[in-house]
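What follows is a single structure, written as structure tokens, with notes after it.
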Amino acid sequence: MFAENLLKEGDIMLEKIPSQEEMTSLIGETLFEAWKGLCERIEEKYDMDRQWNSGGKRWKYEYKYRRGGKTLCALYAKEDCFGFMVILGQAERETFERERQNYSPEVQKVYDESTTYHDGKWIMFMIKDQSLFDDMMQLLKIKRKPNKK
């Protein structure tokens, strides 16, 4: 997880991928444990390319899961903060809306408050612990079927 740097056009290349120590120092030990836990769950179900990028204006780092030119999701890190983003297109939003009762009230609230752009609904979760990980994995299944057994 901390040794790859696969980039696509338009990404800002990181000169150096952050170490576990740097990530722990940046987001804190508890959030870094959650970060690792979410990455493990994603990597258990999905064989994806992973890439580290600059986090732009709002974040220090972006860690993106992609395959075949399409992004599954991205994790973001900045001081004392960890975010998880998934973008749902029209058909994916329809699936979520049919199944929304299966998600926690917190996930439904974040979904409802997220902005829809021309390319989809950008849903950003501010992660505090591992309590929403089951819901996040369900959101990823809407986006793409797991490709690992």
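Here are some notes:
- FRET efficiency, Ser25 to Lys70 (Cβ-Cβ, R0 41 Å, nearest 0.05): 0.80
- Lys/Arg +1, Asp/Glu -1 at C-beta; region 19-149 dipole; positive extreme among Val86, Leu75, Ile127: Val86
- Summing Cβ point charges (Lys, Arg +1; Asp, Glu -1) relative to the Cα centre of the chain gives a dipole of roughly 580 debye.
- Angle between the chain longest axis and helix 90-99 axis [Cα atoms, degrees, rounded to 10]: 70 degrees
- Extension gain, Lys57 back to Glu79 (0.36 nm per residue minus Cα-Cα distance, nm): 6.6 nm
- Greater than 24 Å apart at Cα, pairs in Lys60/Lys145; Lys70/Lys109; Lys70/Lys141; Lys16/Lys121; Lys78/Lys148: Lys60/Lys145; Lys70/Lys109; Lys16/Lys121; Lys78/Lys148
- Remark: relative contact order (region 27-70) = 28 percent; criterion is Cα-Cα distance under 8 angstrom and separation of 6 or more residues.
- Cross-link partners of Lys64 among aspartates and glutamates (Cα-Cα below 17 Å; sequence separation of 8 or more within a chain): Glu4, Glu9, Asp11, Glu15, Glu40, Glu43, Glu44, Asp47, Asp49
- Ellipticity estimate at 222 nm from DSSP helix runs (n ≥ 4, -39,500 (n - 2.57)) divided over the chain, nearest 500: -11000 deg cm²/dmol
- Overall shape of the chain was characterised from the C-alpha gyration tensor. The equivalent ellipsoid obtained from it has semi-axes of 24, 17, 15 Å, in decreasing order.
Laboratory data are not the source of any read-out in this text; all were calculated from the coordinates shown. What you see is a predicted model; the values in this text were computed from it and never measured. Because the Cβ atoms are built from the backbone with ideal geometry, glycine has one as well, and the counts that use them run over all protein chains shown.
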